[in-house]
Amino acid sequence: MKAQALHGHLDALLLSVLEGGPLHGYAVIEALKARSGGSLNLPTGTVYPALRRLERAGFVDSTWSTVNGRERRTYELTGSGRGALAGERASWTEFSSTVSRFLGAEPT
């Protein structure tokens, strides 16, 4: 799946991945790929700017650490991020329900 197809939904997916606990950037990418059955194999150039945008919005905090001599940034959901995720879930439920009325059933 192409990153462009996720327009408007990437932030919600990232918040959802981080809901399970803190992850470093590459682990976020791998979690997206694993949870989507390989459909979301997004490049770092898509994911890292989105994570930084979420951090600027106050939805994610990050910390730097050194692991095996390598610097890596770990991202964690904030309270505001949890609230934003709840809002995204409610919006998605309403949107997908509405679209399913058109695309998910045979016309009557």
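Laboratory data are not the source of any read-out in this text; all were calculated from the coordinates shown. Remember, predicted model here, so these are calculated numbers, not experimental data. No Cβ is skipped: glycine too gets one built from the backbone with ideal geometry, and neighbour counts run over all protein chains shown.
To make sure I understand, if each residue's beta carbon is the centre and we count other beta carbons within 10 Å, what order do Tyr26, Tyr75, Tyr48 fall in, fewest to most?
Ordered by Cβ neighbours within 10 Å, fewest first: Tyr26, Tyr48, Tyr75.
Going by how many other Cβ atoms sit within 10 Å of their own, how do Thr66, Thr78 line up, fewest first?
Fewest-to-most ranking of Thr66, Thr78: Thr66, Thr78.
With unit charges on the beta carbon (Lys/Arg positive, Asp/Glu negative), name the residue among Ala86, Ser96, Gly45 whose Cα is farthest towards the positive pole of the charge dipole of the chain.
My answer, from the dipole projection, is Gly45.
So what's the chain giving for Cα Rg divided by 2.2 N^0.38 Å, two decimals? Intermediate results must be reported in sequence, preceding the final value.
Working: Rg = 15.7 Å, N = 108, 2.2 N^0.38 = 13.0 Å.
For the chain, the normalised Cα radius of gyration comes out at 1.20.
How much length is gained if the chain between Ser97 and His7 is pulled fully straight, taking 0.36 nm per residue apart and subtracting their Cα-Cα distance, in nm to one decimal?
30.5 nm
Could you check the simple spin-label distance between Glu76 and Ala34, using points 7 Å along Cα→Cβ, in nm with one decimal?
Inter-label distance under the simple model: 2.0 nm.
Counting Lys and Arg as +1 and Asp and Glu as -1, what is the net charge of the other residues whose Cβ lies under 11 Å from the Cβ of His24? Can you show the working numbers first?
Values: positive: Arg70, Arg72, Arg73; negative: Glu30, Glu71, Glu76.
With Lys, Arg at +1 and Asp, Glu at -1, the neighbours total 0.
Can you give the helix-only mean residue ellipticity at 222 nm for the chain, where every DSSP H stretch with n ≥ 4 adds -39500 (n - 2.57) and the sum goes over all residues, rounded to the nearest 500 deg cm²/dmol?
-17500 deg cm²/dmol
Please arrange Glu55, Glu71 by how many other C-beta atoms lie within 10 Å of their C-beta, fewest to most.
Working: Glu55 17, Glu71 8.
Least to most surrounded, the residues fall as Glu71, Glu55.
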